[in-house]
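For reference, the structure I am asking about is given below.
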Amino acid sequence: MEQPLEPRLRIGALCERVLEEKDGSLSLIRLIDRLVITAEGTDVPRELPPGQVPLTALMSWVNGLGSYEAKVRVDIPDGSSIESPTLPFYLDSLDKVQNHIVRMVLPVKRAGIYWFNFLLGDEIKSRVPLRVIYERKVHPRQKSDESI
């Protein structure tokens with residue numbers, strides 16, 4: 001279905017959380033583009049152990065007219081991907097803004113770049129990287145005291 005005027009993505013960002021005030025104003029807390037995961041101890045795994053990271057994506061759409069669907073798709077370094085639920089919205093005037101705050105739990109399987117794609121329908125309108133870095137800090141084993 002052809003739309004009267006497709007909106008543009010005003011903001012596509014990753015952060016720890018988004019605060020939405022009573023007047024509709026948004027505050028993005030801790031914008032992130034890299035995540036450093038540190039393992040420390042005497043027996044540290046060589047590869048990043050699988051885990052989960054909570055984060056928030058924000059999509060803000062403007063200057064459009066009509067009904068649309070948006071979503072976030074994350075391309076994971078192993079070739080797999082995950083998607084947010086589809087978020088339908090309607091813009092009835094050019095000055096109207098539609099914000100989507102998407103809380104996600106990212107499955108972190110390995111270090112590398114996780115691409116967050118912001119889609120309108122099935123078309124990528126923007127994308128941002130999240131670089132996951134694994135740091136190992138191996139401590140030498142303590143020799144036990146063998147006193148008689």
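In this structure, does Tyr90 turn out to be assigned to a strand (DSSP E or B), among the hydroxyl-bearing types (Ser, Thr, Tyr) and surrounded by fewer than 15 Cβ atoms within 10 Å (Cβ to Cβ)? Spell out how you get there, then give the answer.
Values: assigned to a strand (DSSP E or B): yes; among the hydroxyl-bearing types (Ser, Thr, Tyr): yes; surrounded by fewer than 15 Cβ atoms within 10 Å (Cβ to Cβ): yes.
So Tyr90 passes the test.
Hey, another quick one. Looking at the range 93-110, which of the residues that are under 15 Å from the mean Cα position of the chain (by Cα) and of a type in the set (A, V, I, L, M) is nearest to Arg46 (Cα to Cα)?
Of the residues in the range 93-110, the ones under 15 Å from the mean Cα position of the chain (by Cα) are 100-109.
Add one more test, that the residue is of a type in the set (A, V, I, L, M), and what stays is 101-102, 104-106, 108.
Details: Ile101: 35, Val102: 33, Met104: 27, Val105: 24, Leu106: 21, Val108: 15 Å.
Looking at the filtered set, the residue picked out is Val108.
From Glu47, Glu69, Glu40, grab the single residue that is surrounded by fewer than 17 Cβ atoms within 10 Å (Cβ to Cβ) and either modelled with pLDDT of 95 or more or not charged (D, E, K, R) (or both).
Working: Glu47 fails: either modelled with pLDDT of 95 or more or not charged (D, E, K, R) (or both); Glu40 fails: either modelled with pLDDT of 95 or more or not charged (D, E, K, R) (or both).
Of the residues listed, the single one that is surrounded by fewer than 17 Cβ atoms within 10 Å (Cβ to Cβ) and either modelled with pLDDT of 95 or more or not charged (D, E, K, R) (or both) is Glu69.
Among the residues of the range 93-117, write down those that are more than 20 Å from Ile32 (Cβ to Cβ), out of contact with any Pro (no Cβ under 8 Å at 6 or more places or on another chain) and surrounded by 12 or more Cβ atoms within 10 Å (Cβ to Cβ).
Pass one, the range 93-117, residues more than 20 Å from Ile32 (Cβ to Cβ): 93-98.
Next, only the ones that are out of contact with any Pro (no Cβ under 8 Å at 6 or more places or on another chain) stay: 93-97.
Passing the criteria: Lys96, Val97.
Restricting the first residue to the range 48-67 and requiring it to be under 16 Å from Tyr114 (Cα atoms), which pairs with a second residue that is in a loop (DSSP other than H, G, I, E, B) and of a type in the set (A, V, I, L, M, F, W, C) meet a Cβ separation below 8 Å and a spacing of at least six or different chains?
Leu48/Ala111; Leu55/Ile32
Just to be sure before I move on: is Lys109 modelled with pLDDT of 95 or more and basic (Lys, Arg) in the structure I sent? Reasoning before the result, please.
Values: modelled with pLDDT of 95 or more: no; basic (Lys, Arg): yes.
Considered against the rule, which asks whether it is modelled with pLDDT of 95 or more and basic (Lys, Arg), Lys109 comes out as no.
Right, another one. Which of the residues belonging to the range 18-42 are touching a residue at least 60 places away in the same chain (Cβ under 8 Å) and either under 20 Å from Tyr134 (Cα atoms) or among the β-branched types (Val, Ile, Thr) (or both)?
The answer is Val18, Ile32, Asp33, Arg34, Leu35, Val36, Ile37, Thr38, Ala39, Glu40, Gly41, Thr42.
The values are calculated or read from the model by the stated rules, or taken from the named source; none is laboratory data. Treat the numbers as computed from the prediction; the structure is a model and nothing was measured. Because the Cβ atoms are built from the backbone with ideal geometry, glycine has one as well, and the counts that use them run over all protein chains shown.
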